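Heads up: the structure comes next, in structure tokens.
The values are calculated or read from the model by the stated rules, or taken from the named source; none is laboratory data. Predicted model, so just to flag it, every value in this text is computed and none were measured. Cβ atoms come from the backbone with ideal geometry, glycine included; neighbour counts cover every protein chain shown. Note: accessible area is taken over every heavy atom of the protein model, side chains too, but ligands, DNA and RNA are not part of it. Shrake-Rupley method; radii C 1.70, N 1.55, O 1.52, S 1.80 Å.
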Amino acid sequence: MGVTLAALLASTGTAALAQSATGQAPMLDALVESGDLPPVAERVGTEPFVHAPVEGVRSYGGTLRQLYSGGGDEAVLWLFYGYEPLLRWNQDADGVVPNIAESYEVNEDASVFTFDLREGMRWSDGHPFTAHDIVWFFDHVQPDENIDPTNRLQFLVNQEVSARAIDDYTLEITLGQSNAMFPILLAQPHANWLANYPPHYLEQFHGGFNDDAGALAAEEGYQSWYEMFQDKLDPFQNIDKPTINAWVLTRPESDPTQVEYARNPYYWKVDDEGNQLPYIDGAVMEIVENREVMLLKAVNGEVDWIARYINTAENRPVFFENIERADLDYFEIVVARSSPIQIHMNRTAQDPIVRKVLNDRDVRIAMSHAIDREEISQLIYAGQCSPAHQTSPRPEEAAFYDEEMGTQFTEHDVARANQLLDEAGYDQRDSKGWRMTPDGEPIAMIATVRADRQPYVDMMPFLTEAWQEIGLNVEWRSVEKSAKNAFRDSNQHHILIDDGDGASMGAYIFPRAYVPLHPDSAWMTGWVHWATGVGSDPQEPPAWMKEVISLHQAMQKEPDLDRQNQLYRDILAIHKEQFNVPGICLPANNIGFHTKRLRNVPDVLHGGTVNLGFPGPAAPEQFAILEE
């Protein structure tokens with residue numbers, strides 16, 4: 001790994017010297033003059049976060065034009081318009097810097113963390129933002145099992161944690177067990193929830209604070225105040241909920257045509273000359289599900305920012321052919337994945353036959369050997385994804401890279417695959433040539449893929465035909481992301497093809513590819529339900545996975561960085577032996593595009609994964625639009 005945890009912790013100084021705000025968007029001048037809005041210095045507080053714009057462009061105004069595939073892909077909204085955790089990833093996504101917190105301290109055993117918040121911060125409605133707001137989250141949300149766990153800090157679910165406000169701007173968080181990685185975990189996107197519960201607004205919908213909340217819920221058509229509360233806190237649907245983000249939602253995700261945002265006049269960040277951010281007035285995200293329509297709009301110059309959906313290797317020639325006509329520029333996206341996809345063979349599948357088959361290591365190895373990765377690399381990724389690579393750290397992650405782990409069982413060898421299956425006892429076949437269990441039971445599996453990832457969909461015939469060639473009856477289906485999540489979370493899937501993981505600093509701090517920490521670990525859903533206490537189908541994991549869980553717990557508590565790194569290597573070694581999640585190939589860095597009117601976009605964007613908040617580290621709040 002190019003950066004160690006020591007480097008991460010060493011980078012936790014202030015982003016820049018505190019500076020008073022002196023400039024604001026011209027559209028706010030009249031509101032200040034009329035007294036409807038306080039002066040800018042009062043709105044940003046006494047210790048605003050300071051950004052130096054990438055190109056030095058300081059131009060207010062303009063509307064950012066983007067595309068959005070619709071419900072189920074909220075990460076686009078969350079990370080571009082709302083990446084504001086307590087601590088945040090720096091621009092290179094290799095260290096954390098204070099964000100809402102201006103600074104912090106840690107006690108000797110990494111169990112007590114004290115954060116100094118930015119004095120004078122406000123919610124978008126002008127109400128003060130204080131340490132009490134975050135304490136409210138820990139007191140009334142984090143421990144409440146009736147609130148959707150995806151709206152809580154998942155890495156603290158079922159763990160002892162408490163928080164107290166020493167004063168309005170000093171927050172103390174105490175963990176029941178040491179966790180030297182806690183500051184880095186707070187930089188992850190889902191830690192945003194700490195600052196997404198404005199008590200002054202939400203208490204009216206909470207039965208613990210409003211005795212009439214139940215009646216209000218019934219009046220608005222909800223079954224309970226919990227259901228109402230969940231709806232009211234939704235940052236993608238409720239335009240009335242205050243926020244601390246650079247832009248506030250003005251047209252919700254439920255709108256059939258577009259999502260809209262407008263600038264937050266109380267945003268608490270400035271540039272290095274004291275001008276309040278953001279520079280851009282607002283955004284319109286047109287909802288388009290069809291990828292061909294998306295591509296057409298992009299090459300017609302109708303989209304200012306393209307870093308998702310259509311910036312594929314297959315489409316890259318189309319973009320470059322039209323780059324001048326569409327007035328586009330491009331940026332490099334540093335890939336943080338060991339493979340573009342992971343093949344999640346569900347070892348906890350509810351179907352007992354499928355579960356038994358996929359728990360057989362030789363079956364998983366045979367299915368890996370059956371895949372022609374070179375063909376997929378050339379036809380799906382235009383040769384921009386090689387050599388063959390499994391789920392593991394990337395070669396540049398020197399501290400953890402294991403070439404054998406990364407390349408084992410990647411050779412396309414149909415004869416070897418058939419031999420492994422025969423020797424494993426799956427040599428019997430039915431009248432159609434499909435393999436059966438040693439007991440003579442038919443084996444039939446379904447591979448599910450998310451429809452919003454066209455390269456994954458295009459890959460499915462290559463995968464299923466490869467498995468069918470070795471006698472495994474595997475069919476495939478394409479479903480929308482929300483349906484995919486529903487199948488996955490209820491453990492109804494056999495094989496799931498989904499985003500790759502397991503590499504980069506994101507995997508080190510939150511190794512969901514290897515440890516049952518998150519629903520994305522779809523190859524072990526039942527073990528995730530057991531380990532997290534969240535889910536309808538908990539299954540006790542085998543001894544080797546319990547050892548992995550124990551190693552990860554020790555890794556979190558270990559203050560010695562060399563020992564912590566060794567514990568992670570121990571986890572990887574177990575997974576190398578088990579061979580749980582095949583990959584496809586090692587992806588080259590991706591390319592994104594933006595119109596030339598959009599400025600302050602870095603030439604290289606790091607953290608190309610949700611774990612690292614992409615594109616949050618690039619600070620979209622300092623992007624600017626130069627109108628013609």
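Return a yes/no flag: does the range 409-421 have any residue that is over 18 Å from I343 (Cβ atoms) and open to solvent by less than 50 Å² (accessible area, probe 1.4 Å). Yes, the range 409-421 has at least one match.
Hey, any hits in the range 38-46 for a residue that's out of contact with any Ser or Thr (no Cβ under 8 Å at 6 or more places or on another chain), part of a strand (DSSP E or B) and modelled with pLDDT of 95 or more? No, because not a single residue in the range 38-46 is out of contact with any Ser or Thr (no Cβ under 8 Å at 6 or more places or on another chain), part of a strand (DSSP E or B) and modelled with pLDDT of 95 or more. Residue-level analysis places E465 outside the set of residues that are open to solvent by 60 Å² or more (accessible area, probe 1.4 Å), within 20 Å of D372 (Cα to Cα), part of a strand (DSSP E or B) and of a type in the set (D, E, K, R).
Within the group E396, E403, which residue is open to solvent by 30 Å² or more (accessible area, probe 1.4 Å), of a type outside the set (G, A, S) and in contact (Cβ under 8 Å) with a residue 24 or more places away in the chain?
E396
Evaluated against (1) closer than 30 Å to P39 by Cα; (2) in contact with a helix residue (DSSP H, G or I) (Cβ under 6 Å, 6 or more places away or on another chain), S178 falls short on exactly one condition, (1).
Candidates S386, S377, S368, S338: the one that is modelled with pLDDT under 95, among the polar types (S, T, N, Q) and in a helix (DSSP H, G or I) is S377. Within the range 206-225, no residue that is closer than 16 Å to N146 by Cα sits with its Cβ atom under 6 Å from a residue that is open to solvent by 50 Å² or more (accessible area, probe 1.4 Å) and part of a loop (DSSP other than H, G, I, E, B) at 6+ positions apart or across chains.
Among residues of the range 446-467 that are without any contact (Cβ under 8 Å) to a residue 24 or more places away in the chain and closer than 23 Å to L420 by Cβ, none has a beta-carbon under 6 Å from a residue that is crowded, with 21+ Cβ neighbours inside 10 Å and of a type in the set (D, E) at least six positions away or on a different chain. Looking only at residues in the range 538-591 that are touching a Leu at 6+ places or on another chain (Cβ under 7 Å) and not β-branched (V, I, T), the one that is nearest to D362 (Cα to Cα) is D570.
Listed here are the residues, each with its yes/no results for (1) modelled with pLDDT of 95 or more; (2) not basic (K, R).
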residue: E253; (1), (2): no, yes
residue: W268; (1), (2): yes, yes
residue: G282; (1), (2): yes, yes
residue: E289; (1), (2): no, yes
residue: K297; (1), (2): yes, no
residue: T312; (1), (2): no, yes
residue: N315; (1), (2): no, yes
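For the range 178-199, the tally of residues that are modelled with pLDDT under 90 and part of a loop (DSSP other than H, G, I, E, B) stands at 5.
Which ranges mark the strands (runs of 3 or more DSSP E) fully within the range 526-628 that have 1 or more residues being open to solvent by 40 Å² or more (accessible area, probe 1.4 Å)? Passing ranges, in order: 590-595, 604-608. Please work out if F115 is open to solvent by less than 20 Å² (accessible area, probe 1.4 Å), within 19 Å of W193 (Cβ to Cβ) and either in a strand (DSSP E or B) or of a type in the set (S, T, Y) (or both). Criteria met by F115.
In this structure, Y261 qualifies as closer than 30 Å to S20 by Cβ and either open to solvent by 30 Å² or more (accessible area, probe 1.4 Å) or under 23 Å from the mean Cα position of the chain (by Cα) (or both). Name the single residue, out of those in the range 440-453 being buried (at least 18 other Cβ atoms within 10 Å of the Cβ) and not in a loop (DSSP other than H, G, I, E, B), that is farthest from the chain's Cα centre (by Cα). Of everything passing the filter in the range 440-453, M445 is farthest from the chain's Cα centre (by Cα). Selection within the range 47-91: residues that are among the hydroxyl-bearing types (S, T, Y) and in a strand (DSSP E or B). The member of this set that is surrounded by the fewest Cβ atoms within 10 Å (Cβ to Cβ) is T63. Among the conditions (1) touching a residue at least 60 places away in the same chain (Cβ under 8 Å); (2) out of contact with any helix residue (DSSP H, G or I) (no Cβ under 6 Å at 6 or more places or on another chain); (3) open to solvent by 20 Å² or more (accessible area, probe 1.4 Å); (4) of a type outside the set (A, V, I, L, M, F, W, C), the only one that P252 does not satisfy is (1).
Keeping to the range 472-522, report how many residues are in a strand (DSSP E or B) and not hydroxyl-bearing (S, T, Y). Talk me through it step by step, then tell me what you get.
Going through the range 472-522, the residues in a strand (DSSP E or B) turn out to be 473-479, 495-499.
Retained after the next criterion (residues that are not hydroxyl-bearing (S, T, Y)): 473-477, 479, 495-499.
Adding up the residues that qualify gives 11.
Restricting E292, E375 to those that are over 16 Å from A588 (Cβ atoms), acidic (D, E), without any contact (Cβ under 8 Å) to a residue 24 or more places away in the chain and out of contact with any Asp or Glu (no Cβ under 9 Å at 6 or more places or on another chain) reduces the list to E292. Inspect all residues belonging to the range 512-526 and state whether any of them is β-branched (V, I, T) and in contact with a Lys or Arg (Cβ under 7 Å, 6 or more places away or on another chain). The answer is yes; a qualifying residue exists. Close contacts from the range 30-49, counting a first residue that is hydroxyl-bearing (S, T, Y) and a second that is open to solvent by 60 Å² or more (accessible area, probe 1.4 Å), with Cβ to Cβ under 8 Å and a gap of 6+ residues or different chains, come to T46/A18; T46/S20; T46/E119. Scanning the range 154-177 for residues that are in contact with a strand residue (DSSP E or B) (Cβ under 8 Å, 6 or more places away or on another chain) and assigned to a loop (DSSP other than H, G, I, E, B), we see that the one that is modelled with the lowest pLDDT is Q159. If you go through the range 492-518 and pick out every residue that is open to solvent by less than 20 Å² (accessible area, probe 1.4 Å) and touching a His at 6+ places or on another chain (Cβ under 7 Å), you end up with 6. Checked against (1) at pLDDT 95 or above; (2) in contact with a helix residue (DSSP H, G or I) (Cβ under 7 Å, 6 or more places away or on another chain); (3) surrounded by 15 or more Cβ atoms within 10 Å (Cβ to Cβ), E203 passes all but a single condition, namely (2).
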